[in-house]
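See below for the structure under consideration.
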Amino acid sequence: MFEFLKRKPTATSSRKSNSITLNRGDYQALKQRAFDAAKQSRLRTEWTTENQSIDYETRTGLATLRARSRDAEANNGTAKKYFDMAEKNVAGPFGFTLFVRAMQQDGVTVDKDDSKAIRDAFYDWAKPGNCDVTGKLSFTAIQQIMTRARFRDGEYLVRVHRGAAYGKYGLQLQLLDTDRLDIELNKALPNGNVIRMGVEMDGNQKPIAYYIRVRHPGDMSYYGGGGGNVYERVPASDIHHHFKAKRPEQTRGVPEAHAALITMEHGHKFKEAALVAAEEGAKQGGFWTSEDGTAEGLADDEDEQGTLYTDVETGQIGVAPPGYEFSQYESKYPSDMYGAFVKENKRDIASSLDVAYHVLGNDLEGVNFSSIRAGTLDERDGWMTHQEWFKEAFLDPLYTDWITMSLLMCAIKDRAGKALPSFRIGKYKDAAVWMGRRWPWVDPFKDMQTAVLGVNNRLKTRTQVMNENGNDFDDSIEEMRAEDEKMKAAGVVVAQPAPKNAAPPQQADDE
């Protein structure tokens, strides 16, 4: 059956062969169809052709990447600017805003009283002394530190402490340096789990526990040199270890600026060298020369290599001894190419970091309204992507944990001072809505017009518009009602809305 599918043995050999024979014409045609980036040539001998797992690459490079990323934050102005931008745009100056939508039994009506009680309790927990085991940090500060760590180090590490010993809400957070997760702790366990770079995982690569160093490896000088490799096994349910994965099967995160670090370092060194050269050139230094090559009676001292030199102060004019001539050192700096190189360097960095160049480089020269709008919109989409990731990875699970412990501790009280019952956890645990910071546009009038147009045409709701601006609709309605009552009681006339056709003067794009 199906004889035509069977291979016929050749007369020359009875052995099976998996090779395919191509004539020269077919081979040349195949080469023409291949990817250029996959071809080998003398120009690409240093370009890697090996594929390795992300964990192998991370294990061999993470320590160095992290050290250089931290050094860049401390000493490179462009890197520090980027990490500042990440902190300000993802966490924001006030952190994420929590809205609570606890629904009535009908699933449509919001229980305003319970929602307000939960929200007020959460913001009380978020104050310094309530949410952090050290008693120093607010929840806003915690979010800012975590955001900075994720971008600078590639990941953050937070331990959750629960119980009556941890405040009236029964839950507090402990920020940990990711250096406490030992990259070199890798081994197989008897139960079939594996520890990979300090993280214990099951056969599905699901984190089961984290091996936390009891002492920071950089603090050994405080403890006489011991304890660097003493670990505490902490269940994964008590740890928030999050990173934005770049590839599947990734166990540890890498610094967000990893692809830009070399360019940042080159730019930093170039600027330093150019400034030093310009400074030395401004001092009008040079060399004394003579026919016999001696410096008898002229040199002030010699350096470690035995090279003679003469001290010259700025603004001083010397007199050459008989037989000597002065050759002036002429620096090429300051150079017209300096600014162009710095700009191009920062443009490359901005592209790598996916941020707007005019923001990263503080350069508004030659920028018009249209270009600012295009660059800023793209950058803000990037920041909102990071915000959504942070909400899903950390804020949503944290709220579920917090509401559970707070109800068990009878810490959330209604208007009458009665604790909300813990058996209604199902009503409350999915009631959180987080809103990240939003940005006012360069033309707020047009933004407001767009919002009004969307509401009037039922393309958006007032709740959506207010949420996008970081406001709560129910709270805003209550505030407006209270304002109107106070103004009427005081005899103040409420201002009428401006006519629909009122508009500010048009502004040209290039202004």
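Quick look at the values:
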{"read-out": "Solvent exposure of region 163-204 as accessible area per residue, Å², 1.4 Å probe", "value": "46 Å²"}
{"read-out": "Amide proton proximity set for residue 103, modelled H, under 5 Å, gap of 5+", "value": "111"}
{"read-out": "Entries in 80/429; 136/413; 346/460; 116/486; 80/206; 127/246 that, when Cα-Cα distance is taken, lie over 30 Å", "value": "80/429; 346/460; 80/206; 127/246"}
{"read-out": "Mean Cβ count within 10 Å, highest first, over the residues of peptides 231-242, 154-165", "value": "154-165, 231-242"}
{"read-out": "Highest to lowest packing among 262-275, 411-424, scored as the average C-beta count within 10 Å", "value": "262-275, 411-424"}
{"read-out": "Global geometry of region 102-244, whether rounded, prolate or oblate, following the gyration tensor of its Cα atoms and the 1.5 cut on a/c", "value": "prolate"}
{"read-out": "Computed lengthening from residue 103 to residue 229, 0.36 nm per intervening residue step minus Cα-Cα distance", "value": "40.4 nm"}
{"read-out": "Full-stretch length increase - residue 35, residue 464 - with 0.36 nm per residue and alpha-carbon distance subtracted", "value": "149.7 nm"}
{"read-out": "Inter-label distance for residue 441 and residue 238, nm, one decimal - labels placed 7 Å from Cα along Cα-to-Cβ", "value": "5.0 nm"}
{"read-out": "Residue 483-residue 425 pseudo-label distance in nm [points 7 Å out on the Cα-to-Cβ vector]", "value": "4.1 nm"}
{"read-out": "Point-to-point label distance, residue 363-residue 215, nm (Cα→Cβ direction, 7 Å offset)", "value": "4.8 nm"}
{"read-out": "Most to least packed among 186-192, 123-129, 42-48 [average Cβ atoms within 10 Å]", "value": "123-129, 186-192, 42-48"}
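The values are calculated or read from the model by the stated rules, or taken from the named source; none is laboratory data. Model, not experiment: these values are computed from the prediction. Note that we place each Cβ from the backbone using ideal geometry, even for glycine, and neighbour counts take in every protein chain shown. These accessible areas exclude ligands, DNA and RNA; they are computed on the full protein's heavy atoms, side chains included. Shrake-Rupley method; radii C 1.70, N 1.55, O 1.52, S 1.80 Å.
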